[in-house]
Amino acid sequence: MFADPSAAQAVGARGRETARQHFEIESQCRRLAAFMAEFGAAMTGVKPKTTFLKPGVAFPMALEVLRQILKQKVLSSSSHAADSYKARALEDTPRLTAFQCGGLLDRRG
């Protein structure tokens, strides 16, 4: 198939690398599916809430909580979200909004 043996080796190496990546992705998907099944069972009451204390559930949840704290509190500008919310609340739009009415209740009548 290949005239040059090194080309055949390169294609073989790429194939092995692709197979390895595919295996790693499948492995991650299986772990995620197992975690989500366990988490869902605990959240819906099929399993007791102590399931959250199992290492297979507690560690991934703790890592995600820490990642979210780092992402939302440390790495992002916290004033940006509050400022954009305030700007949307105070913007002058032609349509009637709950912000302009002071809520959804009609206090005129």
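Annotations for the structure displayed:
- Charge tally in the Cβ shell below 15 Å around GLU64, where Lys, Arg are +1 and Asp, Glu are -1, GLU64 excluded: +3
- In this simple spin-label model, placing a label point 7 Å from the Cα along the Cα-to-Cβ direction at both LEU53 and CYS29 gives a separation of 3.5 nm.
- Ordering of 37-48, 60-71 by burial proxy (mean other Cβ atoms within 10 Å per residue, highest first): 37-48, 60-71
Each value in this text was obtained by applying a stated rule to the coordinates, not by laboratory testing. Keep in mind that this is a model prediction, so the values were computed, not measured. Cβ coordinates were reconstructed from backbone atoms using ideal geometry, including for glycine residues, and neighbour counts include every protein chain displayed.
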